[in-house]
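Novice: I have a structure I would like to understand better, so I am pasting it below and will then ask my questions one at a time.
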Amino acid sequence: MHPIRKKRLTIVLFLLAGLSIAVALTTYALRQNINLFYDPSQITAGEAPLDVRIRAGGMVEEGSVKRDSESLKVEFLVTDFNASVPVEYVGILPDLFAEGQGIVAMGKLNSEGRFVADQILAKHDENYMPPEVADALEKASLTGEQSMPGSAQPATN
Amino acid sequence: MYPELGQLALILSLLLAALLSVVPLVGSLTGRDNLQAFARPLAAGMFVFVGLAFAVLTHAFLTDDFSVAYVANNSNSMLPWYYKFSAVWGGHEGSLLLWILMLTGWTLAVAVFSRRLPSVMISQVLSVLGMVSVGFMLFIIVTSNPFDRLLPNVPADGADLNPLLQDFGLIVHPPMLYMGYVGFAVAFAFAIAALINGRLDAAWARWSRPWTTVAWAFLSVGIALGSWWAYYELGWGGWWFWDPVENASLLPWLSGTALMHSLAVTEKRGVFKSWTVLLAIVTFALSLLGTFLVRSGVLTSVHAFASDPERGTFLLALLAFTIIASLVLYAFRAPVVHVRSRYGSLSREVFLLLNNVLLVSATLLVAVGTLYPLVLDFLDLGKISIGEPFFNLTFSPLAVATGLLLGVGTFSRWKKTDAGWLARKLLWPLALSVLISSAVMVGYGGFTPWAFLGIFSAVWIATATFWDLWDKSSSRKGRVHGLKRQSRSYYGMVLGHLGIAITMAGATVVSNYGIERDVRMVPGDVAEVGDYQFVFVDIGERRGQNFTAQYGSFDVMRDGKRIAELHPEKRQYAVGMSVMTEADIDAGLFRDIFVAVGERISDDAWAIRLQYKPLIRWLWLGALFMAAGGFLAISDRRYRIRERSAERSGNSASSQTGTQGAAGVVS
């Protein structure tokens with residue numbers, strides 16, 4: 001084979017090898033690490049898988065936050081105003097966590113229907129709502145006819 | 001009155017940019033010198049008018065002119081003056097203006113520091129930069145005018161700057177990052193100009209090398225500052241979250257690193273030309289992509305100031321146009337280039353090629369992890385997120401592989417390296433690295449394969465770099481003479497490689513040996529973290545200029561001795577009533593001790609985060625080394641010498657350290 005062609009072939013083979021390793025690693029890692037988002041209605045309807053790391057989000061229901069006085073354990077309800085899911089979390093909550101605010105929780109759903117979170121994300125400032133939460137609330141307000149009196153209307157940003 | 005003046009200045013600079021993108025280019029294509037002569041004055045005029053607009057906006061902030069909507073949304077009369085100043089780029093419109101100021105600044109710099117370039121080349125480079133400017137100036141004028149007024153209902157006071165952004169980190173992080181992002185526009189402009197006139201030669205590579213290196217150095221510092229800021233201000237002690245916004249800055253950095261190395265090969269050996277051009281285009285496209293991701297509001301983050309669909313669409317169109325136009329040009333012009341140089345399978349060329357393969361793979365990987373959720377969401381296929389485990393799992397092997405390759409490649413030579421010679425060269429550094437990294441593992445206690453690989457790669461890079469320096473500096477006239485003989489660009493490389501070693505060491509150690517504890521504490525409690533005892537002394541109130549704070553006091557003890565007194569705060573800002581956690585950190589070269597106050601659990605009990613972070617400073621120290629290396633490299637003589645003296649061909653082992661020459665050998 002012509003030396004230049006041979007060189008080109010080596011280069012192409014190198015590139016292909018690198019790319020295929022990257023693609024293989026990527027697909028493998030992706031399969032393991034994708035976290036799907038579920039809103040409270042989907043979770044109460046049993047659509048969310050058990051014991052798989054997922055994300056759940058909605059508003060923290062007013063008056064639902066219960067703190068354990070001896071540890072860092074917190075329990076609260078996350079709602080989309082159609083359905084609520086109990087969430088458990090041990091650790092420090094973000095500064096902007098508050099009742100009536102939108103949050104996203106990462107964690108697993110256990111067999112009792114409780115969401116055991118290992119991470120809680122709150123919005124970064126008072127004007128901003130996580131897009132998933134905004135969507136979930138909008139969806140819920142379309143499907144459910146009732147609107148809770150006195151509750152904050154989901155403002156989309 | 002002033003704000004209208006600012007807007008007028010912006011419109012004028014747009015007109016100048018439009019002229020700049022057409023006149024010199026036409027002049028260069030038709031060979032009319034009088035048209036080409038417009039390039040430099042137009043570039044200067046563009047910078048002056050954008051500078052004027054920026055000064056007007058700054059003036060509006062410093063004088064609390066709340067009739068300007070942008071000022072009213074992002075400032076407040078109670079803000080200290082330095083935050084009023086940095087609030088200029090604390091929101092979407094202002095940060096875009098800063099971006100444009102940097103772009104015109106770079107354009108002016110190219111115009112000033114390129115006296116010895118052929119006028120055809122410089123006209124085309126400046127024209128391309130003019131086109132980029134037109135795109136962004138249109139964007140700011142049409143969709144994000146920072147000078148919009150709130151008349152006649154002028155608010156009495158502003159809505160305040162987001163407290164997260166009231167910090168020294170915000171004053172410096174965006175300008176550094178933008179210098180990097182925008183700097184790649186210069187490399188892009190050189191690549192496009194080279195494609196237009198078909199002169200993809202070693203001279204082109206030598207011209208665009210220093211610009212790429214400077215942009216890369218700024219970007220390195222910008223990313224490090226962002227990570228540092230997140231660590232103490234936002235992240236409760238985390239330093240990298242694989243957040244899409246962080247990834248947006250990492251993408252151009254990775255491909256920019258590849259570009260720097262590929263440019264070196266193109267300059268010295270005249271090969272990889274088409275690949276280098278493509279990388280230059282891709283790197284700038286990734287900078288634009290980063291801007292799109294951060295500024296369009298498709299992402300949930302502290303950087304997503306506003307989600308105005310019009311802006312997203314405009315930026316996406318700009319991105320698509322840039323990529324398509326450059327790739328079409330590339331498709332038509334790149335194949336003209338022929339390669340006449342040969343190199344063996346263990347040559348430095350091949351090692352640098354592998355470096356590029358790894359860096360580009362890493363770029364692709366981060367791009368997939370960042371964009372895949374967005375694409376799925378856009379196509380309505382569900383909302384997913386891809387978290388840290390994905391990136392840690394895939395990025396770490398590539399980083400380790402790059403580190404191992406770097407050590408070997410340091411000893412390689414252009415054209416051909418003898419395998420037996422290379423193996424013998426590697427033996428001692430290898431033995432030394434195994435020894436040192438084992439010692440480090442024992443020192444920190446606890447072996448994990450990843451920790452070992454990470455530390456080993458870092459030590460390996462450092463050992464190989466020093467070994468090579470020792471080899472090269474041996475001289476009959478003595479060591480000092482030998483060290484002096486090395487070029488600045490060689491020392492730049494040494495610093496850069498030591499920097500990546502330092503960063504890798506820091507990242508590995510802090511991820512594997514750091515300790516983090518969240519505890520419930522009442523005043524008087526003692527908590528143990530590693531070898532340290534944290535005594536919660538008390539918590540009281542404190543008033544700042546625009547906030548009140550819960551002010552905690554902690555004593556940190558080790559072996560019965562008090563080594564630090566820390567005062568973490570929980571701040572409540574008067575405007576907007578937002579709450580901010582201010583951690584307190586006892587910083588050290590070898591470890592940080594970190595205390596942050598969480599929420600109040602009961603009357604006297606608080607949630608407290610305590611952390612021991614070994615070598616975390618090394619993460620950012622490494623970036624400073626890299627940047628210093630970049631600046632040192634561009635101060636090399638050969639970029640300043642007017643006429644290249646006696647060209648030497650690059651066949652000797654010293655060619656890589658050769659100060660000049662080796663360029664232009666092959667067409």
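The values are calculated or read from the model by the stated rules, or taken from the named source; none is laboratory data. Bear in mind the structure is a predicted one, so any value in this text is a computation, not a measurement. Reconstructed Cβ throughout: ideal geometry from the backbone, glycine too, with neighbour counts over all protein chains shown. Heavy atoms of the whole protein, side chains included, go into the accessibility calculation; ligands, DNA and RNA do not. Shrake-Rupley method; radii C 1.70, N 1.55, O 1.52, S 1.80 Å.
A quick yes/no check of all residues on (1) of a type outside the set (S, T, N, Q); (2) more than 28 Å from B:Val294 (Cβ to Cβ):
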| site | (1), (2) |
| --- | --- |
| B:Thr322 | no, no |
| B:Tyr343 | yes, yes |
| B:Asn356 | no, no |
| B:Ala367 | yes, no |
| B:Thr370 | no, no |
| B:Ile384 | yes, no |
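Novice: OK, next. Can you pull out the residues in the stretch B:404-418 that are outside any helix (DSSP H, G or I) and open to solvent by less than 20 Å² (accessible area, probe 1.4 Å)?
Specialist: B:Ser412, B:Thr417 - these are the residues of the stretch B:404-418 that are outside any helix (DSSP H, G or I) and open to solvent by less than 20 Å² (accessible area, probe 1.4 Å).
Novice: Within the stretch B:250-272, which residues are open to solvent by less than 10 Å² (accessible area, probe 1.4 Å) and part of a helix (DSSP H, G or I)?
Specialist: Those that are open to solvent by less than 10 Å² (accessible area, probe 1.4 Å) and part of a helix (DSSP H, G or I): B:Leu251, B:Pro252, B:Leu254, B:Ser255, B:Gly256, B:Ala258, B:Leu259, B:Ser262, B:Leu263, B:Val265, B:Thr266, B:Glu267.
Novice: Can you tell me which residue among B:Ala401, B:Ala431, B:Ala451, B:Ala458 is part of a helix (DSSP H, G or I), more than 17 Å from B:Ser511 (Cα to Cα), more than 14 Å from chain A (Cβ to nearest Cβ) and of a type in the set (Gly, Ala, Ser)?
Specialist: B:Ala431
Novice: Could you tell me which residue of the stretch B:13-42 is least open to solvent (accessible area, probe 1.4 Å), considering only residues that are within 17 Å of B:Leu97 (Cα to Cα) and among the aliphatic types (A, V, I, L, M)?
Specialist: The selected residue is B:Ala17.
Novice: Can B:Gly560 be described as surrounded by fewer than 20 Cβ atoms within 10 Å (Cβ to Cβ), of a type outside the set (Lys, Arg) and over 30 Å from B:Ala159 (Cα atoms)?
Specialist: yes
Novice: Exactly one of these conditions fails for B:Pro146: (1) part of a helix (DSSP H, G or I); (2) open to solvent by less than 20 Å² (accessible area, probe 1.4 Å); (3) under 23 Å from B:Val182 (Cα atoms). Give me its number.
Specialist: Only one criterion is unmet by B:Pro146, namely (1).
Novice: A further question follows. Among the residues of the stretch B:208-220, is any assigned to a loop (DSSP other than H, G, I, E, B) and either β-branched (Val, Ile, Thr) or open to solvent by less than 20 Å² (accessible area, probe 1.4 Å) (or both)?
Specialist: No, every residue in the stretch B:208-220 fails to be assigned to a loop (DSSP other than H, G, I, E, B) and either β-branched (Val, Ile, Thr) or open to solvent by less than 20 Å² (accessible area, probe 1.4 Å) (or both).
Novice: Which numbered condition trips up A:Lys73, out of (1) under 24 Å from B:Ala605 (Cα atoms); (2) buried (at least 18 other Cβ atoms within 10 Å of the Cβ)?
Specialist: (2)
Every residue, every condition in (1) under 27 Å from B:Asp167 (Cα atoms); (2) of a type in the set (A, V, I, L, M, F, W, C); (3) not in a helix (DSSP H, G or I), yes or no:
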| site | (1), (2), (3) |
| --- | --- |
| B:Leu10 | no, yes, no |
| B:Ser13 | no, no, no |
| B:Leu25 | no, yes, no |
| B:Leu52 | yes, yes, no |
| B:Leu57 | yes, yes, no |
| B:Asp64 | yes, no, yes |
| B:Leu79 | yes, yes, yes |
| B:Glu93 | yes, no, no |
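Novice: Got at least one residue in the stretch B:296-305 being at pLDDT 90 or above and away from chain A (no Cβ under 12 Å)?
Specialist: Checking the stretch B:296-305: not a single residue is at pLDDT 90 or above and away from chain A (no Cβ under 12 Å).
Novice: Next up: State yes or no: is B:Tyr181 surrounded by fewer than 22 Cβ atoms within 10 Å (Cβ to Cβ) and hydroxyl-bearing (Ser, Thr, Tyr)?
Specialist: no
Novice: Let me ask you something else. Give the stretch B:511-549 a look and list any residue that's within 14 Å of chain A (Cβ to nearest Cβ) and either open to solvent by 50 Å² or more (accessible area, probe 1.4 Å) or modelled with pLDDT of 90 or more (or both), or say none.
Specialist: Residues satisfying the conditions are B:Glu516, B:Arg517, B:Asp518, B:Val519, B:Arg520, B:Met521, B:Val522, B:Asp525, B:Ala527, B:Ala549.
Novice: Given the conditions (1) open to solvent by 70 Å² or more (accessible area, probe 1.4 Å); (2) of a type in the set (A, V, I, L, M, F, W, C); (3) at the interface with chain B (Cβ under 9 Å from one of its Cβ atoms), and given that A:Leu9 satisfies all but one, which numbered condition is not satisfied?
Specialist: (3)
Novice: State whether the residues of the stretch A:29-45 include one that is touching a Lys or Arg at 6+ places or on another chain (Cβ under 8 Å), aliphatic (A, V, I, L, M), away from every other protein chain (no Cβ under 11 Å) and open to solvent by 30 Å² or more (accessible area, probe 1.4 Å).
Specialist: no
Novice: Looking only at strands (runs of 3 or more DSSP E) that fall completely inside the stretch A:51-101, which ones have 3 or more residues that are in contact with a Pro (Cβ under 9 Å, 6 or more places away or on another chain) and within 14 Å of another protein chain (Cβ to nearest Cβ)?
Specialist: Ranges flagged: A:54-60.
Novice: Residues of the stretch B:590-614 being open to solvent by 10 Å² or more (accessible area, probe 1.4 Å), outside any strand (DSSP E or B) and either out of contact with any Leu (no Cβ under 8 Å at 6 or more places or on another chain) or within 14 Å of chain A (Cβ to nearest Cβ) (or both), which ones?
Specialist: Answer for the stretch B:590-614, where residues must be open to solvent by 10 Å² or more (accessible area, probe 1.4 Å), outside any strand (DSSP E or B) and either out of contact with any Leu (no Cβ under 8 Å at 6 or more places or on another chain) or within 14 Å of chain A (Cβ to nearest Cβ) (or both): B:Ile601, B:Ser602, B:Asp603, B:Asp604.
Novice: Tell me the strands (runs of 3 or more DSSP E) entirely within the stretch B:517-583 that contain at least 3 residues that are under 25 Å from A:Leu96 (Cβ atoms).
Specialist: The qualifying strands (runs of 3 or more DSSP E) are B:532-543, B:547-558, B:569-573, B:579-582.
Novice: May I pose another question? Mind counting the residues in the stretch B:419-444 that are surrounded by fewer than 12 Cβ atoms within 10 Å (Cβ to Cβ) and touching a residue at least 40 places away in the same chain (Cβ under 8 Å)?
Specialist: Looking only at that region, the number is 1.
Novice: Residues to consider are B:Leu393, B:Leu406, B:Leu379, B:Leu346; find the one that is over 17 Å from B:Leu251 (Cβ atoms), away from chain A (no Cβ under 12 Å) and at pLDDT below 90.
Specialist: B:Leu379
Novice: Test B:Gly482 against the stated conditions and say whether it is surrounded by 19 or more Cβ atoms within 10 Å (Cβ to Cβ) and either without any contact (Cβ under 8 Å) to a residue 12 or more places away in the chain or over 30 Å from B:Val442 (Cβ atoms) (or both).
Specialist: no
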